[in-house]
Amino acid sequence: MIGNLPLITVGLITVIGLFTIVSKRNLIKILMGLNIFEAAVNLFLISIGYREGGIAPIYTNAVQGLMVLPTPQALTLTSIVIGVATTAMLLAFVTIIYRNYGTVDTDRIRELRE
Amino acid sequence: MQLSRIVRTAADILYPFILIFGLYIVIHGHLTPGGGFQGGAVIATGSVLLLVAFRYSELTGDLRKGWMKIFESGGLLLFIGTALAALLVGGVFFFNWLANTGSLFGIPVAFGPNPGEIYTAGVIPVMNLAVGIEVWGGLSLIVMYMMGDLEEGGERS
Amino acid sequence: MKRIVAAVIAIFLLGVFMLIAVQLPFGRPSYSDMDDYFLRHGQEETGANNICTAVVFDYRGFDTLGEASVLFSAVVTTGLIFRRLERGD
Amino acid sequence: MIFEAVAPLLLAIGLIFNGMGMVGLLRFPDVYTRLHACTKTTTFGTIFTSLAVIVYAVDWFIASGEGQYIMLGLHTVIAVFALAVTNATGAHAIARAAHRSGVHPARAVVDHLKGAKQ
Amino acid sequence: MLSTTFHTGAGYWNPLVWLGVFLLLLVLAYLFWFRGESGYRREGEQTKPFLSGNRAPARGEMHLRASHLYWGFTEAIRGYYERVVPAHTGVLNDYLLWFLGVMSFILVIMVVIR
Amino acid sequence: MSWELLRLHAPALLIAVPLVASFAMPILGRTKLSRGIIALGAMALTSCIAIFLSYTVYTSGVLLYVFGAESPALSIPPDSGGIPIRIIFTIDALSAFMTLIVAIVGFSVFLYSMSSDQRHTGLEGYYTLFLMMIAGILGMVNTGDLFNFFVFLEISSLAGAGLVAFRIEKGKAVEGALKFAVLSTMGALLLLFAVGIFYWQYDALNIAAIASRMQFSLLDQIALVMLVAALAMKCGSVPLHFWTPDAYSMAPSSVTAMLVVSSQASLYGLFRVIFTLYGIKLDWVTVGWIVIALGMLSMFVGVTMAIPQKDVKRLMAYHAISQTGYMLLGVGVGIAVLGDPASLQSYGMAAIDGGLFHIFNHAMYKGLLFLTAGAIIYVTGTRDMNAMGGLGHRMKYTMIFFMIGALAIAGIPPFNGFASKLVIYESVYRFSPVLAIIAMLVSILTLASFVKVFHSVFMGPELPEYDTGREVPLPMLLGMGLLAGIVIVIGIFPAPFIDHLVAPAAQALVNQAGYISAVAGGG
Amino acid sequence: MIPFILTVLLAFVLYLLLTAGSGSTGVWAYSEILIGLILACAVGVVARNFLCRHRNYRMINPLRLIRLCIYVLVPFFVEMAVANLNVAYRVITGRIRPGIMRVRSDLKTDLGTMMLANSITLTPGTLSVDIDDSSGDLFVHIINIEEGEEQKALLRAGELFTVSDLAAWIRRIAE
Amino acid sequence: MTEIWFIAVSFLVAFIAIACIRLVLGPTPPDRAVALDTINTLIVATMILLGVAYRQLIFVDVAIVYALLSFVSTLYIARYLGGEL
Amino acid sequence: MIELFFHLLVLAGIVFAAIFVYMERDLLSAAIATGLFSFLISLEFYILQAPDVAISQAAIGAGLTTAIFIIAIRKVGRWEGDER
């Protein structure tokens, strides 16, 4: 139980991120929540690949021993790149929305409804 | 307005350092922590540093969108071209056709912990370089677009 | 009203994620066949000392192509929506 | 071994200075004095903790003769130099931004910059 | 080889037969039309609408616009529309909340109740 | 390159060709001519490869392609504990079926787009994203690896969002794109979370490998819920459909036709997860009823929301939701009887057949309808139906194509919509009569709302404001004509189509053991 | 051309520092040197206009570089140690008397100004806040101004330091 | 012997926690930026020490990346605060 | 044991930073806290023996994400409830 600390953290920040996304009205804040959620998923992936007492999966000058799982790290790398691409694109969208609507409040960005 | 002279001088001096360090990370991707994406992001952060230290309009001579676009596309084409070249030598898409052949980047590596030799790992260094160039172009372009839009006043044209 | 619903859902999801966190034993993966294969054979098959890079660019190189494409499309999108409208429309 | 004798001392010095900086960060009244506290002390403390690492690297290099320890030492030196330059510049940038954004030094006896700008 | 008969499991369906019937109906319609009065004039006073001496509406005004259609239908199930249409608020948070809510709902059904 | 080599490497080329064209586009696509040559050439080549690939799969069974191995069939190396370690494309009949859809719709849409979108700036970016999106959809439907599915889902989502935002002169377009992108990202991240859970339990990412070890523990159930919610959102089923009309109505019309296919690729992912990943170990009654409930809601809410719409593309977007409901209904009935072999044989397979057949038909006629809507907007410059009227006098071909599409979507014989709806009605009636009756009612309402569109757009006197309007250019007509031709042909010859294309796909979907053994037997 | 060569040299030296210890026999492997040269040329192409913005090549002089090294290792380090003791004292006692003063440096080059400003920031009781672009004067936040000092309109840069005059050192290095 | 490194790292992480308090309390954004800058420095020190503690000497590269790049975000914050962006 | 101590502290810092991002109404401060969050996540990756990911997260979180967030904040205004 006490060893599960990273996973518990994953749960906590996932929910914080989701709650930020759901309850905040500011688009920038929503994107920050999305960032937090992304980081939570990345941390989850890294945590499931950790082996107790393991070392990084790099043979250069390493001591002999158990190594942590390399695949989750590869997956996380991919996921981080995707995350930054998404964030950049969404921020560009937000600036265009502000230029056209004069606000970033989701309550007022609802030209498309019904 | 921009940041003070001190910061600009520091940015000037740090820029080549960041560049060579990023290239070091890129090219040593198969030996040390890092790789194409990380190194490319480091180099791109160098461009981002220049963009914050100087005005975007001051940089147009040295940091051009057109070049960055070419880097981006060229890096990706190199990447996918390396992968497609495997079809010509009889492998499968993304087959590591240079590894353990003894030619360029094809020195067989000893198993277990060793200091590492840069001419190993087959297509991995090539792909690292390709991805590094692509990420450099891509991430720089994003910030350049945003800064350029900011300095034009952000009005609709 | 909406905030209450959001709070209830958040608490429920917190429970679910805590359940996941407690169920998984941290630091002791139950299976590791695939990764042990990488650690055993990665170095001789690809010649890279960094197994993580070997996985990224060799074993799962196709994912990396996809990842680079995602970045590329995000950059192209950013360029598109900051473009100037010169002709018509 | 030199290392076992010197390293705890260096680490202790570094940690003490870092700790001073943290106390200053909490205690001082405004941005500028806090910058005084943390920029100097953390840079200095990090230099000392890194010195411990360098001593370790030198020690092991003498003992084993492996190239990786040279690399460790040099990389640490590079990291520390980068840190010194960036820290000082960053502190300057923050101080300038703070002054321009209208944060005036608390309990200041004199402020020439304010006069110079008008 | 290209059989048009299509066994659906409960019966069968052949579009060619249907087309045949359709053609037959067309022929019948043509026959009716053919037997009609031939003295009808397309132009002239005969085709003008007579609105008790009022001005005849112009070309564009005569057109029945889209929102005039199905007024009765929407009016008949007004209670339904009054609930469903406002649910499409156009606010991003609500969309996300719906998403998480439905996910929680399915979780409750799948994991808790079952 | 010899024929045999092409046959061997078709799966790789299928992804590589559009990607290479897309990467080269920003450099080489500066002029109109080079742009057109690259885009249309790459799409034509991709379509040819796709059709060839589908033909190969339908004639010779499941095709494996292992990326990065020495030979394409070396899926499981010795010494790896029986787990495929590399990314594998597992192309069975269902994947081939979806690939065929992408090929046909993609080619028509590109043909159409050659003249419809030429008025805008930034076209090289447009075609870059378009080719990227097609590559993403093709990757989604062909991959046999969960993480790879996530990556391609992101590619198609991001490229799709970029295309939705293409017309930045309207702020609304960016609004639709933002909603689409945020929701897609959320869904994709939840999918990634589920992938993490699977990875933890089974140390595998390949669908077949996970499926062969699946235990349906508590964590698997949670992962299933995450996957179902995320993919149901991506395919636009009520009550997760809110982004759909926003994104569909704001995108350029050619893009919208492709977004429909993108949604259906997500639908494919949903079915793949339920049938192949979980299969018979699933709690099939509950999941089946959940899918049926989503389908019924989608059908009913979609069509009723469509009726009062004034925006022609928004109306069609709601119809897309409604039609997605049919597919969910058909396949949901199949899921609900999955564990009961007798019912599965007597009507379950027919329901799945109907659902899959409807995917194909819907892609064709909905693509056609969106393209005609684009033609109408091209001529009139507005999308408000209240401002339209009398266009039938000048746009005869467009009117005919629209009529074909509208009759097909309403399920009027002899068009293809009728054939698939007939199969769904009959099989669903044997499962639960109420559902079938509601489905028929929805069909009637669909007809009603398309009569409204038809009347208000094409009928009536010529409006003075459109006196200068004329028929759209030839490439647009060709693109629409291709789809219309397929609609008619399938409507008249449904039986061979079902027997040779849809039934193998449905068999492949249900046959989990076959999928697993295909992957496991490759090495 | 000169900027290119300079940048290549700097980059190459940095690369060699980064990869020291790579060779199994010597300090550097041959492959690393070859690749380092190629990469350094690439950096030279990209960054030459930044490193040598003012076409000022004083720093090539090896004497100046040696002086720089000595400066960093001895007077600067001593000043830093004094500075930290000073700050520790202020932190514990809380005895501060802050203010911002104008400091005349007489340094002309950007590099010299930057070094002086950074030295000021890292040395006792001072923090460079702003720079007057026309005259090159620094505005320095001083944590403890001596009684009476605040009356002065201008401080000399050398007065800020306690042990040795760093401003003079920097002038000898950079000007 | 490795215990020393871990003890030092624990102290440094505790200092990071203290700086986090300043980041939360900080009445103005410049204060927060100062705290962020401090945290960066401390994290670099932590990373160098941890790399040695784990006997993974190549981990130092991460610290260099950090030392070089954390500066950029500080500059952006400063430029925004100075009203110059 | 001592490893657990600083691990716990880092994780607590992560949660703390996330909560601060949620609570803060000043978007600039929230962006700073997002930066802090990124740094701590990166340190956590480092502790969990994933240096590749740590470099990646450091470069992205330290340099780029904060930068583009601040550029966007500069465009749309600094306060959360601020309207034009």
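Before moving on, here are some points about what is shown:
- Failed item, numbered, when H:ALA14 is tested on (1) of a type in the set (A, V, I, L, M, F, W, C); (2) in contact with a Phe, Trp or Tyr (Cβ under 9 Å, 6 or more places away or on another chain); (3) at pLDDT below 85; (4) assigned to a helix (DSSP H, G or I): (3)
- In summary, C:VAL5 fulfils each of the numbered conditions (1) among the aliphatic types (A, V, I, L, M); (2) surrounded by fewer than 20 Cβ atoms within 10 Å (Cβ to Cβ); (3) within 9 Å of chain F (Cβ to nearest Cβ) with the single exception of condition (3).
- Residue in region H:34-53 that is in contact with a Cys (Cβ under 8 Å, 6 or more places away or on another chain) and either in contact (Cβ under 8 Å) with a residue 60 or more places away in the chain or small (Gly, Ala, Ser) (or both) present: yes
- G:GLU147 being more than 9 Å from chain D (Cβ to nearest Cβ), more than 26 Å from G:ASN61 (Cα to Cα) and among the acidic types (Asp, Glu): yes
- Some residue of region B:97-115 being free of Cβ contacts under 8 Å to residues at least 12 places away in the same chain and surrounded by 22 or more Cβ atoms within 10 Å (Cβ to Cβ): no
- Among the criteria (1) touching a Pro at 6+ places or on another chain (Cβ under 9 Å); (2) among the β-branched types (Val, Ile, Thr); (3) at the interface with another protein chain (Cβ under 10 Å from one of its Cβ atoms); (4) touching a residue at least 12 places away in the same chain (Cβ under 8 Å), the one F:ILE15 does not fulfil is (1).
- Among the residues listed as A:ILE109, A:ILE82, A:ILE97, the single one being facing chain F (nearest Cβ under 10 Å) and within 14 Å of the chain's Cα centre (by Cα): A:ILE82
- Filtered residue count, region A:1-49, keeping only those that are in a helix (DSSP H, G or I) and more than 8 Å from chain C (Cβ to nearest Cβ): 27
- Considering region I:1-22, and only residues there that are within 19 Å of H:LEU25 (Cβ to Cβ) and more than 9 Å from chain H (Cβ to nearest Cβ), the residue that is surrounded by the most Cβ atoms within 10 Å (Cβ to Cβ) turns out to be I:ALA18.
- When region F:110-128 is filtered for residues that are within 18 Å of C:SER73 (Cβ to Cβ), surrounded by 24 or more Cβ atoms within 10 Å (Cβ to Cβ) and aliphatic (A, V, I, L, M), nothing remains.
- Given (1) farther than 25 Å from F:VAL228 by Cβ; (2) at the interface with chain A (Cβ under 8 Å from one of its Cβ atoms); (3) in contact with a Phe, Trp or Tyr (Cβ under 9 Å, 6 or more places away or on another chain), number of the condition F:LYS172 does not satisfy: (3)
- A count restricted to region F:354-394 and to residues that are β-branched (Val, Ile, Thr) and outside any helix (DSSP H, G or I) stands at 1.
- Flag if G:MET101 is outside any strand (DSSP E or B), of a type in the set (A, V, I, L, M) and either at the interface with another protein chain (Cβ under 10 Å from one of its Cβ atoms) or out of contact with any Lys or Arg (no Cβ under 8 Å at 6 or more places or on another chain) (or both): no
- Among the conditions (1) more than 23 Å from I:PHE45 (Cβ to Cβ); (2) within 9 Å of chain D (Cβ to nearest Cβ), H:ILE64 misses just one, which is (1).
- Residue check, B:PHE37 within 11 Å of chain I (Cβ to nearest Cβ) and surrounded by 23 or more Cβ atoms within 10 Å (Cβ to Cβ): yes
- For region C:14-27, the count of residues that are of a type outside the set (D, E, K, R), closer than 30 Å to B:GLY132 by Cβ and not in a helix (DSSP H, G or I) is zero.
- Whenever a residue of region B:16-27 is in a helix (DSSP H, G or I), its partners that are buried (at least 24 other Cβ atoms within 10 Å of the Cβ) and among the charged types (D, E, K, R), lying with C-beta atoms within less than 8 angstrom and at least six residues away or across chains, give the pairs B:ILE25/H:ASP61.
Residues checked against (1) among the hydrophobic types (A, V, I, L, M, F, W, C); (2) buried (at least 17 other Cβ atoms within 10 Å of the Cβ):
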position: B:VAL26; (1), (2): yes, yes
position: B:LEU50; (1), (2): yes, yes
position: B:ARG55; (1), (2): no, no
position: B:ASP62; (1), (2): no, no
position: B:PHE71; (1), (2): yes, yes
position: B:LEU76; (1), (2): yes, yes
position: B:VAL89; (1), (2): yes, no
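- Residues within region F:117-144 that are in contact with a Leu (Cβ under 9 Å, 6 or more places away or on another chain), more than 8 Å from every other protein chain (Cβ to nearest Cβ) and not in a helix (DSSP H, G or I), tallied: 2
Quick grid of which residues meet (1) at the interface with another protein chain (Cβ under 8 Å from one of its Cβ atoms); (2) surrounded by 21 or more Cβ atoms within 10 Å (Cβ to Cβ); (3) in a helix (DSSP H, G or I):
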| residue | (1), (2), (3) |
| --- | --- |
| D:LEU51 | no, no, yes |
| D:ILE70 | yes, no, yes |
| D:LEU74 | yes, no, yes |
| D:LEU83 | yes, yes, yes |
| D:ALA93 | yes, yes, yes |
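- Residue in region D:31-40 that is assigned to a helix (DSSP H, G or I), touching a strand residue (DSSP E or B) at 6+ places or on another chain (Cβ under 8 Å), more than 17 Å from H:ILE16 (Cα to Cα) and not polar (S, T, N, Q) present: yes
- Subset tally (residues that are within 24 Å of B:SER4 (Cβ to Cβ) and over 19 Å from the mean Cα position of the chain (by Cα)) for region B:43-90: 10
- Scope region C:8-31; condition aromatic (Phe, Trp, Tyr), facing chain A (nearest Cβ under 8 Å) and out of contact with any Gly (no Cβ under 9 Å at 6 or more places or on another chain); matching residues: none
This table checks each residue for (1) buried (at least 20 other Cβ atoms within 10 Å of the Cβ); (2) in contact with a Leu (Cβ under 8 Å, 6 or more places away or on another chain).
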position: F:VAL442; (1), (2): yes, no
position: F:VAL457; (1), (2): yes, yes
position: F:ASP499; (1), (2): no, no
position: F:ALA503; (1), (2): no, no
position: F:ALA506; (1), (2): yes, yes
position: F:ALA520; (1), (2): no, no
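- Taking first residues from region G:56-76 that are polar (S, T, N, Q) and partners that are assigned to a helix (DSSP H, G or I), the Cβ contacts under 8 Å between residues at least 6 apart in sequence or on separate chains come to G:ASN56/G:LEU111.
- Failed condition for F:ALA520, given (1) more than 23 Å from the chain's Cα centre (by Cα); (2) within 28 Å of F:ARG394 (Cα to Cα): (2)
- Residue match in region F:459-474 (condition: at pLDDT 85 or above, farther than 18 Å from F:ALA375 by Cα and of a type outside the set (Lys, Arg)): no
- E:ARG59 vs. criteria at pLDDT below 70 and in contact with an Asp or Glu (Cβ under 9 Å, 6 or more places away or on another chain): yes
The values are calculated or read from the model by the stated rules, or taken from the named source; none is laboratory data. For clarity, every value in this text was computed on a predicted model and none was experimentally measured. Cβ sites come from the backbone with ideal geometry, for glycine too, and all protein chains shown count toward neighbours.
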